[in-house]
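Everything below concerns the one structure shown next.
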Amino acid sequence: MTTYLCSLCGLGAPVATASWRCPRCQGPWDLGFTADPVPAAELPGRVNSLWRYREALPLTAPTVSLGEGRTPLVPLTAHVSAKLDYLMPTLSFKDRGAVMLAELARTLAPRRVIADSSGNAGTSVAAYCARAGLPCTVYVPEGTSAKKCEQIRAHGARLETVPGDRETTAEAARAAAGTPGTFYASHVYNPYFLHGTKTYVYELWEDLGGTLPDTLVLPVGNGTLLLGAALAVGELYEHGLITRRPTLTAVQAEAAAPLAAAFHAGADDLLDDGPAIGPTLAEGIAIPRPPRARAILRAVRESGGTFLTVPEDRVRAAQRDLAARGLFVEATGVACWAAAGDRTEGTAVVPLCGAGAKTGLV
Ligand SMILES: Cc1ncc(COP(=O)(O)O)c(C=O)c1O
Ligand SMILES: [Zn+2]
């Protein structure tokens, strides 16, 4: 039986009965799961979705798949390629994780599923719950882009708009999570989500012929893509499927950079007197207190990578620059290109992880 293990204190609990976070220390769960090696030679004959990496996944018999995964890798400069994760069923990378949460929810058969989100994760959970026939409520902060709200409602989910910032929205969801019969499909606390996002790296590894670039540039709000990427890199390396691990280059908006500040201060957790968190065009990565901060800081440090921050004018310019190259990406999704598009050495991959139609041109 698969178990959760607390990422902070190590407490274990069975997945079927556990609450959504560690009851002892309130830490987010990790998953007591060991991936098997993915057989590269067998991949070409397999299903054309992220489920082709089944040896590496904690759930393997998908019933609610929408064909997620296998997004294109497109060279943009001599040094930087982009992985077009905005070409997912709900137009963001969150589908990689949300499909895992929906599969899990289906087996647990709750009366309703809830999620909180800056928009994209909630959209994704709403879509997969629709596919699974599960009632869903999504909590979003006021000011969430109208298109994301429309997308959530279109999937039949109930939308709860919460006054205040992203943290207030998370509190509202946490309060509702205790209601009997509720499955809290938290992309932040539930580790199945990370075992979905890790397929981003398995796809790169397959597309690059069994190698990875020198650096993976990754946006970080709650760090679900970064932590998934770190999981995959670790698995591929342990299985002898790569001989060299890429560095992880984490990207935050300059206006909302609590992790970058902690990293550059040499801290292993968020700073008590960290920087103020202001509004940013990159709404999806404006997270004041990410619960997995320690794991994110450790993963970036252990990879030999670093944190970069991008000012608002570079976000705006990067969105226009990508659109001029034929790629229309939402403001949050251009942050990595804004941070690393001008690299002049080595190889880097940036995710373009949300579609431009979700926010329009900012
Ligand atoms: C387009 C986009 N990029 C990046 C992120 C950041 O993901 P995370 O908060 O898991 O780091 C989000 C989160 O909503 C997003 O919507
Ligand atoms: Zn704990």
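A simple spin-label model places the labels of Arg244 and Asp273 4.3 nm from each other, with each point 7 Å out along Cα-to-Cβ.
Listed from fewest to most Cβ neighbours within 10 Å, the set Arg166, Arg343, Arg289, Arg52 follows the order Arg289, Arg343, Arg52, Arg166.
Membrane-span-like helices in the chain (whole DSSP H runs, Cα extent of at least 24 Å along the helix axis, mean Kyte-Doolittle hydropathy of at least 0.0): none found.
Please figure out what share of the DSSP beta bridges in the chain is antiparallel and state it in percent, rounded to the nearest 5. That works out to approximately 30 percent antiparallel. The label point for Ala323 and the one for Thr60, both projected 7 Å from the Cα toward the Cβ, are 4.6 nm apart.
The spacing between region 320-335 and region 142-194, judged by their C-alpha centroids, is 26 Å. For Glu171, Glu235, the sequence from fewest to most other C-beta atoms within 10 Å is Glu171, Glu235. The stretch between Asn48 and Leu208, if pulled fully straight at 0.36 nm per residue, gains 56.0 nm over its current Cα-Cα span. If you model region 95-184 as an ellipsoid using its alpha carbon gyration tensor, with each semi-axis the square root of five times an eigenvalue, the axes come out at 19, 15, 10 Å, biggest first.
Listed by chain and number, the aspartates and glutamates placed with their C-alpha closer than 16 angstrom to that of Lys94 are Glu68, Asp85, Glu103, Asp116, Glu203, Glu283, Glu330; residues fewer than eight positions away on the same chain are left out. From least to most packed, judged by other beta carbons within 10 angstrom and beginning with the fewest, Val362, Val125, Val201 follow the order Val362, Val201, Val125.
So, by mean Cβ neighbours within 10 angstrom, what's the order for 242-249, 137-144 with the highest one leading?
Listed from highest to lowest mean packing, they are 137-144, 242-249.
Let a ≥ b ≥ c be the square roots of the eigenvalues of the Cα gyration tensor of the chain; is it rounded (a/c under 1.5), or, if not, prolate (a/b larger than b/c) or oblate? Because its axes are fairly even, with a/c under 1.5, the chain counts as rounded.
A short reminder: the numbers here are calculations on the coordinates, not readings from a lab. In this text, all values refer to a predicted model and were calculated from it rather than measured experimentally. Methodologically, a virtual Cβ is constructed for each residue, glycine included, from the backbone with ideal geometry; neighbour enumeration extends over all protein chains shown.
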